[in-house]
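Enquirer: Let me give you the structure first, and then I'll get to my questions.
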Amino acid sequence: MKTDTFKIKRTLFKQYAKLAKPVFKFLPIPIAQQLSGDHCMSEMVTVLQEKKVNRPVIITGKNFSKRPEFDLLTDALEDANVDYYLFNGVTPDPTFNVVEEGIAACMSHRFDSVITIGGGSSMDAAKVINTCAQNGYNPRKTTGMFKIRKKGAFFVAIPTTAGTGSEATIASIISEDDTHQKKQVISTALIPDLVVLDPRLMLGIPSTLTAATGMDALTHAIEAYLSGFATPESEQRSIDATKLIFEFLPHAVGDGASDLVVRQKMAEASHLAGLAITRASVGWVHALAHQLGAFYGIPHGLACAIGLPPILTMYAEKAPEKMSKMADQLGIAGATEWDKAYGLRDAVTKLCQQIGTVPESEMIQVEDIPEMSEGLLRECYMSPFAVPAYFDSEDELHTFIREIFMAPSED
């Protein structure tokens, strides 16, 4: 009976994803104006002046607000006499409490714009803070799809890591205050008006964070390409991003960490991958990564790096066609579709080993696997993620999770 229920849910999800396909493929999604390069902060101020906004709230985390790179933003604003207010209360995996504090900060400053600077956590928090503060929404009632209908104030997003691509997406991830389970807020109204890609902000990033965020971006690119919601345009963005990451991520982690060109290329790759998932969404890797974050606090990029090669193995075994097509685009040779699919998997595995993002044994507790798998299925099925292949049973999924981490058998 348990297996029958699992298969019924899988069948229903496939139908749900099929019905959602035209919506995702043809949904009008705005694309932000983009400024790129090491002079783009001053260009950003010019845009603000053109838009006649002068009371922005800067939304970021406390640690980044103390870094010298943060001064690149505040100096540019102060030189132009912009009356900004700093809210630096964003925490990793921000909660609804953090969002509510940010809303209060915006209202107290009588804001006319929001500038978020930081990684994915700052971006996610700012998206919901801005739209809720501007429109009077209760952030706890915005989870799910398209519950936010109106845009917020003029919104500038400045990523400081090359990984999340959150500055390009229609999604925000906010955690429950008590359980830390991640909730998605999805709306086209979350898209920023202006994106600033300044490589100077990324020069001081540690190699471990560079590696993890880079693998997050690669996961975006690959999952978007393999998605059933992909379009020719999103596929090309995925390919372009993947090529850049394979070429420049090893340098960003190693000898090119202080090279502005390397950092710029990674920022561009991350943004392209973010645009790709905005159209095509993600898949099993992200669903698994969110569970690893909720249960064990494993950073999202590292969790993606851990889950990507084994998920690609599953895809290669069950649905090699799209992986083979991607391998062709990347110049990965093979005599058969399976050869090419496994070749793509091997290239990703080699990159993970090269930059040091590999799982450690006993990272999870075996007794958590059933609850983790339920959360994974819930996210993948309800989002929906148009993945190219599925698990055949709950036991197969449990075994899959256990074997990733080489956890001991339950027997």
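Enquirer: Keeping the other protein chains in place, figure out the carbon and sulfur percent of the accessible area of the chain, with a 1.4 Å probe.
Expert: 52 percent
Enquirer: Based solely on its DSSP helices, what 222 nm [θ] is calculated for the chain when runs of n ≥ 4 H residues each add -39,500 (n - 2.57) and the sum is averaged over all residues, nearest 500 deg cm²/dmol?
Expert: -18500 deg cm²/dmol
Enquirer: Straight-line reach from Lys127: which aspartates and glutamates have Cα under 13 Å away, leaving out those fewer than 8 places along the same chain?
Expert: Glu100, Glu167, Asp193
Enquirer: Skipping prolines and chain starts, which residues have an amide H placed within reach, meaning under 5 Å, of the one on Gly89, given they are 5 or more residues away or on another chain?
Expert: For Gly89, whose amide H was placed from the backbone, the distant partners under 5 Å are Thr60.
Enquirer: Have a look at Leu377, Leu292, Leu19 and tell me which one the Gaussian network model of the chain (Cα, springs below 10 Å) gives the largest fluctuation.
Expert: It is Leu19.
Enquirer: When ligands, DNA and RNA are left out and all protein chains stay put, how many square angstrom of accessible area per residue does the stretch 269-411 have with a 1.4 Å probe?
Expert: Accessible surface, normalised per residue, equals 39 Å².
Enquirer: Angle check, please: helix 394-404 long axis (alpha carbons) against the longest principal axis of the chain (alpha carbons), in degrees 0 to 90, nearest 10.
Expert: The angle comes out at about 70 degrees.
Enquirer: Each residue of the stretch 129-146 in turn: what ³J(HN,Hα) in whole Hz from Karplus with 6.51, -1.76, 1.60 and θ = phi - 60°, glycine and Pro shown as x?
Expert: 4, 4, 5, 6, 5, 6, 10, x, 6, 7, x, 6, 9, 9, 5, x, 9, 6
Enquirer: Let me ask something else about it. Hey, can you find the accessible area per residue of the stretch 1-100 for me, probe 1.4 Å, expressed in square angstrom?
Expert: Using a 1.4 Å probe on heavy atoms only, each residue of the stretch 1-100 averages 60 Å².
Enquirer: Another one. Just to be sure I understand, if you calculate Kirkwood radius over Cα pairs in Å for this structure, which of (i) 21.5; (ii) 22.1; (iii) 23.1 do you get?
Expert: Looking at Kirkwood radius over Cα pairs in Å for this model, the match is (i).
Enquirer: Using θ = phi - 60° and the Karplus curve 6.51 cos²θ - 1.76 cosθ + 1.60, what whole-Hz ³J(HN,Hα) does each residue of the stretch 45-53 get, with Gly and Pro shown as x?
Expert: My calculation for the stretch 45-53 gives 4, 4, 4, 4, 5, 5, 7, 6, 10 Hz in order.
Enquirer: Any idea what the dipole of the stretch 113-195 comes to, in debye rounded to 20, about its Cα centre with Lys/Arg Cβ at +1 and Asp/Glu Cβ at -1?
Expert: The calculation lands at about 360 debye.
Enquirer: Quick check: the angle from helix 284-296's long axis to the longest principal axis of the chain, C-alpha only, nearest 10 degrees?
Expert: Around 70 degrees separate the two axes.
Enquirer: Which pairs break 27 Å Cα to Cα here: Lys7/Lys243; Lys62/Lys183; Lys243/Lys340; Lys243/Lys322?
Expert: Lys7/Lys243
Enquirer: I've got another one for you. Which residue, Tyr85, Phe154, Phe70, has the largest displacement toward the positive end of the dipole of the stretch 1-159 when charges sit on each Cβ (Lys, Arg +1; Asp, Glu -1)?
Expert: About the Cα centre, the residue reaching furthest to the positive side is Phe154.
Enquirer: Could you tell me the calculated FRET efficiency between His39 and Tyr85, based on Cβ-Cβ distance and R0 = 30 angstrom, to the nearest 0.05?
Expert: Approximately 0.75, to the nearest 0.05.
Enquirer: Given charges of +1 on the Cβ of Lys and Arg and -1 on the Cβ of Asp and Glu, with all other atoms neutral, how large is the dipole of the stretch 256-411 about its Cα centre, in debye to the nearest 20?
Expert: Result for the stretch 256-411 is approximately 1000 debye, rounded to the nearest 20.
Enquirer: Continuing with the same structure: 5 Å is the cut-off here: which amide hydrogens, built 1.01 Å from N in the peptide plane, fall below it relative to Ser113, excluding neighbours closer than 5 in sequence?
Expert: Arg55, Val57
Enquirer: To the nearest 20 debye, what charge dipole does the chain have about its Cα centre, counting +1 at the Cβ of each Lys and Arg and -1 at the Cβ of each Asp and Glu?
Expert: 1500 debye
Enquirer: I would also like to ask the following. Rounded to whole Hz and in sequence order, give me ³J(HN,Hα) for the stretch 263-279 from the Karplus expression 6.51 cos²θ - 1.76 cosθ + 1.60, θ = phi - 60°, writing x for Gly and Pro.
Expert: So the Karplus estimates, Gly and Pro as x, are 5, 5, 5, 5, 5, 5, 4, 4, 5, 4, 5, x, 4, 5, 6, 4, 7 Hz.
Enquirer: What is the distance in Å between the Cα centres of the stretch 191-215 and the stretch 37-116?
Expert: Using only Cα atoms, the two centres lie 17 Å from each other.
Enquirer: Let me ask something else. From Cα pairs below 8 angstrom and at least 6 apart in sequence, can you work out the relative contact order of the stretch 226-360, rounded to a whole percent?
Expert: 23 percent
Enquirer: Please tell me the relative contact order of the chain in percent, rounded to the nearest whole number, where contacts are Cα pairs under 8 Å and at least six residues apart.
Expert: Contact order relative to length: 16 percent.
Enquirer: Compare the Cα positions of Cys304, Pro384, Ile332 along the charge dipole of the stretch 282-408 (+1 at Cβ of Lys, Arg; -1 at Cβ of Asp, Glu; about the Cα centre) and return the one farthest towards the positive end.
Expert: Selected residue: Ile332.
Enquirer: Compute the long axis of helix 369-382 from its Cα atoms, compare it with the longest principal axis of the Cα atoms of the chain, and write down the angle in degrees, 0 to 90, nearest 10.
Expert: The angle comes out near 70 degrees.
Enquirer: Based on the alpha-carbon gyration tensor of the stretch 157-201 and its eigenvalue square roots a ≥ b ≥ c, which shape applies: rounded if a/c is under 1.5, prolate if not and a/b is larger than b/c, or oblate?
Expert: Cα axes put the stretch 157-201 in the oblate bin.
Enquirer: Taking amide H positions as placed in the peptide plane 1.01 Å from N, state which residues far from Lys147 in sequence (5 or more) or on other chains have amide H under 5 Å from it.
Expert: Ile186
The values are calculated or read from the model by the stated rules, or taken from the named source; none is laboratory data. All values derive from a computational prediction rather than experimental measurement. Cβ: placed from backbone, ideal geometry, glycine included. Neighbour counts: every protein chain shown. These area figures cover heavy atoms from the full protein model, side chains too; ligands, DNA and RNA do not enter into them. Shrake-Rupley method; radii C 1.70, N 1.55, O 1.52, S 1.80 Å.
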